[in-house]
Amino acid sequence: MISIECRDINDLKPELAGYLSEKLPAVPVIRTNDIVLDPLTKDAEISVNDVHTYVKTFLERENINDCVVSVDGDKILVSTTSERRVQVKRPDSGLLECPHCGMVTPYKEEMDVHIRIHYFF
Ligand SMILES: [Zn+2]
């Protein structure tokens with residue numbers, strides 16, 4: 001299974017996962033330090049090269065140009081070349097509300113995980 005190690009861009013993980021789910025026949029699973037791509041069907045072929053390309057395209061789209069994306073077996077490593085960690089500014093007061101049941105959370109990551117449960121029923 002292909003994983004994307006993205007400790008250096010932790011704040012962008014939910015966005016990257018969303019982007020990859022649009023581009024690849026896979027369900028991205030967000031973990032503490034990486035994203036694992038779970039193929040949608042057992043026949044779905046996901047190539048490391050495709051993932052590599054999409055991760056780079058995503059970073060370009062987000063105007064992040066101090067990241068290096070490298071491939072190590074079936075692992076993609078995203079690392080920043082500068083000292084700083086990539087930070088995304090989010091509105092402080094922005095509470096997110098689930099459109100299905102009205103659950104409220106300030107954390108987009110938690111909401112992304114939460115919303116997914118509605119699709120299993
Ligand atoms: Zn809900």
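The values are calculated or read from the model by the stated rules, or taken from the named source; none is laboratory data. Since we're looking at a predicted model, the values are computed, not measured. Every residue, glycine as well, gets a Cβ built from its backbone with ideal geometry; the counts of neighbours run over all protein chains shown.
General observations
- Looking only at the range 63-89, and only at residues there that are within 27 Å of ASP38 (Cβ to Cβ) and charged (D, E, K, R), the one that is modelled with the lowest pLDDT: ARG85
- Number of the exception - ILE117 against (1) among the β-branched types (Val, Ile, Thr); (2) modelled with pLDDT under 85; (3) outside the structural domain of ALA26 (by TED's automatic domain parsing): (2)
- Residue match in the range 94-109 (condition: within 16 Å of the ligand (Cβ to nearest atom), within 18 Å of the chain's Cα centre (by Cα), at pLDDT 85 or above and charged (D, E, K, R)): yes
- Elements of type strands (runs of 3 or more DSSP E) in the range 1-75, at least 1 residues being more than 25 Å from GLU110 (Cα to Cα) and out of contact with any His (no Cβ under 7 Å at 6 or more places or on another chain): 67-72
- Subset tally (residues that are surrounded by 15 or more Cβ atoms within 10 Å (Cβ to Cβ) and of a type in the set (Val, Ile, Thr)) for the range 49-76: 5
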